[in-house]
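> Once you've had a glance at the structure underneath, I'll fire off some questions.
The values are calculated or read from the model by the stated rules, or taken from the named source; none is laboratory data. The shown structure was predicted, so the numbers you read here are calculated from the model rather than taken from an experiment. Here Cβ is always computed from backbone atoms with ideal geometry, including for glycine, and neighbour counts include all displayed protein chains. Calculation scope for accessible area: heavy atoms of the full protein, side chains included, ligands and nucleic acids excluded. Shrake-Rupley method; radii C 1.70, N 1.55, O 1.52, S 1.80 Å.
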Amino acid sequence: VDSFHSHQFVVRAESRPGAVLRFKADRELGATNHAVVDLKMKAEFANVGTETLRVFWRSPSGEEVLQGEMDGGESLEVDTYLEHSFLTRKGDGAVVHEWSAEAASAGTQRVE
């Protein structure tokens, strides 16, 4: 596809309603940009509060798998896939936030 700097592309999968992948042309990467279309993505969880939070991936069977902890003001980057579910919990186990991976914009998805 011929394009210009900063053009964004959206790929929708017919077999997965709601699944969207995004790519943004970037001249800083050179005259030719190559995009691999797959379900991999990065998410950055940001703790904007003061309490320590734990980030969990929720498996399709409902099991919660710890991905890491963040003190107040810290962030945690995880490699994931489109439609994976995550939640953050306080030390007492209370759920602070739930998030499902989607390509809301090009690049790493930031979750606060």
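> Among the numbered criteria (1) touching a residue at least 60 places away in the same chain (Cβ under 8 Å); (2) out of contact with any strand residue (DSSP E or B) (no Cβ under 9 Å at 6 or more places or on another chain); (3) at positive phi, which single criterion is violated by residue 83?
Every listed condition holds for residue 83 apart from (2).
> State all residues of region 84-96 that are farther than 21 Å from residue 108 by Cα and assigned to a loop (DSSP other than H, G, I, E, B); if no residue qualifies, say none.
If the condition is that a residue be farther than 21 Å from residue 108 by Cα and assigned to a loop (DSSP other than H, G, I, E, B), then 90, 91, 92, 93, 94 are the ones that fit.
> Could I ask something else about it? Which of the residues that make up region 46-62 are open to solvent by less than 80 Å² (accessible area, probe 1.4 Å) and more than 14 Å from residue 84 (Cα to Cα)?
46, 47, 49, 52, 53, 54
> Collect the residues in region 79-95 that are open to solvent by 50 Å² or more (accessible area, probe 1.4 Å) and within 17 Å of the chain's Cα centre (by Cα), keeping them in residue-number order.
Result: 79, 81, 83, 84.
> Turning to a different aspect of this structure: Give me a count of the residues in region 97-106 that are open to solvent by less than 50 Å² (accessible area, probe 1.4 Å) and in a loop (DSSP other than H, G, I, E, B).
3
> Residue check, residue 42 against (1) surrounded by fewer than 16 Cβ atoms within 10 Å (Cβ to Cβ); (2) in contact with a Ser or Thr (Cβ under 6 Å, 6 or more places away or on another chain); (3) modelled with pLDDT of 95 or more, all met but one. Which one?
Here residue 42 meets the rest and fails (3).
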